[in-house]
Amino acid sequence: MTDDVEIAIWEINSKAAIAESGELSEVVMHVNPANGMLGFAFAHSQDLASYPNGTNSSYQTWITDWTGVNQIGFTYDSKGTMFGTNGGTDTYTPNKKVGRFGLISSKWGIISAQSASVDRFSGYTNYRRLRLEYLGLARNGTYASNVYRFAKGDCSQFATVVPSDNTNLTNLYMMYYDNTLGELKFKAGQYDTSWSYDKVNLEKFSFKKASFSFGDFADDAYNESCVSTLNAYNPNYATTSIVSTVDSGANGNSNAKPGTYYSIAAVPSSDGNSDVVVAVWYDAINKNLWYSYITNPLTNAGKRNSNGAVSTEWATPVAILKGTAGESCAIAVDDDNHIHIAAYSRKNAGSLYYAYLDSYNTTFDETKNLVKVDSYGSTGQYITMEIAKDSNGNNIPYIGYWMNSMIYPKYAYLVDTDISNGPKPGVDENNRYTGAWESIMLPTSSEVLRDDINIGLYKYQSAQNGHIKGEIREIPRLYSSTGTGTEYAGVKNGIAGGNGTVNPVLAYGISETGSGYIETAQLK
């Protein structure tokens, strides 16, 4: 034999997080950039949802509802502040009473760690939460509620920027899909994390609209019911940018329809006022993957169309993949502001693709910028992606995904870093691996939920001790606040870390005899 053989040894924790009762769903994982702690968000126990409490815990029971909680998403800023979303699924149709889709933050505090007892702690609340939209809609005398209005596909996708000129600020960007109106929506706002806690507006509960807001993130709830009457809830778009609609497509391209799979990332600016947000989304009608971007999103937040017309601030979309492609996708920006895109294509039983753009406004050339990474069996669904530098300064994309034919999670990363003429494919025309990418299967014995295969990295945020900014670093083993000297997983909260290596960590939901857990896996 002349080929090198490497043995992959995985360290697996099948109980990194535990549902209080029953199974869990909508699992999201990120590595906290401030301390390397793993952070989890998930719905569980029929009426609860958990999120990481900033830098203090990996997860904490955060909100409840009279029925289930869904529409789970979260992100960290570079300081470890958590921002997340959720929706309550309780409705009472006779009174047109319906839950809200809302924004939470570790800066505002936990809403409730117990099952619902009053509306103050439910999906109706503005207690430590901004209600962004109703889950019902009343228009022209017709009322309809949809508890999955914002819960299909990728739910909430975030990007954050902490300007180097003022690290007290966090620019928060969010994309989500309105399954009732068929609209792909975007919000932008700048939050000052040094502000004192707004107890006047965030510590009280009312069905009336609260005054606390930042940018597009405002409490948009006027009363208990969802009724389109004077002084009641009358949906408008003053705090929402419409990227694409089923009816009219996107700016400059009526064929660029929306769908329930999408991803965003931010190209940062030092002053925080001239960021660029890049986005990819799956067109559920024409079956294409579209790419677009918006410059100066904070400034353009004042240019929303109150009638809901498609935003003209977004660049005309460009197709990255065409024909039954993009149903799972991810986009990321590296520390040199290059754009990385990963996507699934259903063609030829299912494959994982990767696209690279030198900058956000680079002209896309399919022959140069797009390659197939993995096509072994049916593979490439439930994608997440992170980018980090190696010690030589090369930007390495790491992609987590699902291999349907083998029913296992996988991850792939770039090996051949010479992309002067574009990235190289991971497989050839005969679907044989080329060596330009490494693709590794995780042979877990657990029953893995069909949802995102979350991948997480820990990176140096600045040059230190011979390491460069953006370089991948060890995900540490962590010590718990209980004084036991070990990490722990409880039904209310927990702390989870890595295994002390620089390898990326994978996280996903599993089911075991009716109970739900989050399993993590990292190569030794």
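Read-outs throughout are calculated quantities, based only on the coordinates presented, and are distinct from any laboratory measurement. Everything quoted here is computed from the prediction, not taken from an experiment. FYI the Cβ positions are ideal-geometry reconstructions off the backbone, even for glycines, and counts take in every protein chain you see.
Each of TYR148, TYR458 was scored by other Cβ atoms within 10 Å of its Cβ. Listed from fewest to most, they are TYR148, TYR458. The phi torsions of region 24-40, fed into the Karplus equation with coefficients 6.51, -1.76 and 1.60 and a -60° offset, translate into couplings of 10, 8, 6, 6, 10, 9, 9, 8, 5, x, 7, 9, x, 5, 6, x, 10 Hz, rounded to whole numbers, with Gly and Pro shown as x. In the chain, Cα pairs under 8 Å separated by at least six residues give a relative contact order of 14 percent.
Between amide H atoms placed 1.01 Å from N, distances below 5 Å from CYS226 occur with LYS97, VAL98, all of them 5 or more places distant or on a separate chain.
Where Lys and Arg each count +1 and Asp and Glu each count -1, what net charge lies around ASN288 among other residues with Cβ under 14 Å from its Cβ?
+2
Which of rounded, prolate or oblate describes region 252-336 when judged by the alpha-carbon gyration tensor and an a/c cut-off of 1.5? Taking the square roots of the gyration eigenvalues as a ≥ b ≥ c, region 252-336 is oblate. Relative contact order for region 411-481: what is it in percent, counting Cα pairs under 8 Å that are at least 6 residues apart? Over region 411-481, the number comes to 21 percent.
Between TRP62 and ALA49, SER50, TYR51, the built amide H atoms are under 5 Å apart, and every one of these is 5 or more places off in sequence or on another chain. Normalised by 2.2 N^0.38 Å, where N is the number of residues, the alpha-carbon radius of gyration of the chain equals 0.93. The Cβ shell under 12 Å around ALA496 holds other residues with a net charge of 0, Lys and Arg each +1, Asp and Glu each -1.
When LYS303, LYS372 are sorted by how many other C-beta atoms sit within 10 angstrom of their C-beta, beginning with the fewest, the order is LYS303, LYS372.
Counting alpha carbon pairs within less than 8 Å and at least 6 residues apart, what relative contact order, in whole percent, applies to region 356-435? Show your work: numbers first, answer last.
On the way: 117 pairs, mean separation 23.4, N = 80.
Computed value for region 356-435: 29 percent relative contact order.
Taking a ≥ b ≥ c as the square roots of the eigenvalues of the Cα gyration tensor of region 285-417, is the shape rounded (a/c under 1.5), prolate (a/b larger than b/c) or oblate? Oblate is the answer for region 285-417, as a/c is 1.5 or above yet b/c matches or exceeds a/b. Within the shell of other residues whose beta carbon sits under 14 angstrom from the beta carbon of LYS208, the net charge comes to +1, with Lys and Arg scored +1 and Asp and Glu -1. In this structure, the pairs whose alpha-carbon distance is over 24 Å, taken from LYS208/LYS492; LYS185/LYS492; LYS322/LYS368; LYS459/LYS524; LYS410/LYS524, are LYS208/LYS492; LYS185/LYS492. Going by a ≥ b ≥ c, the root eigenvalues of the Cα gyration tensor, does region 294-348 fall in the rounded group (a/c under 1.5), the prolate group (a/b larger than b/c) or the oblate group? Since a/c reaches 1.5 but b/c is at least a/b, the shape of region 294-348 is classed as oblate.
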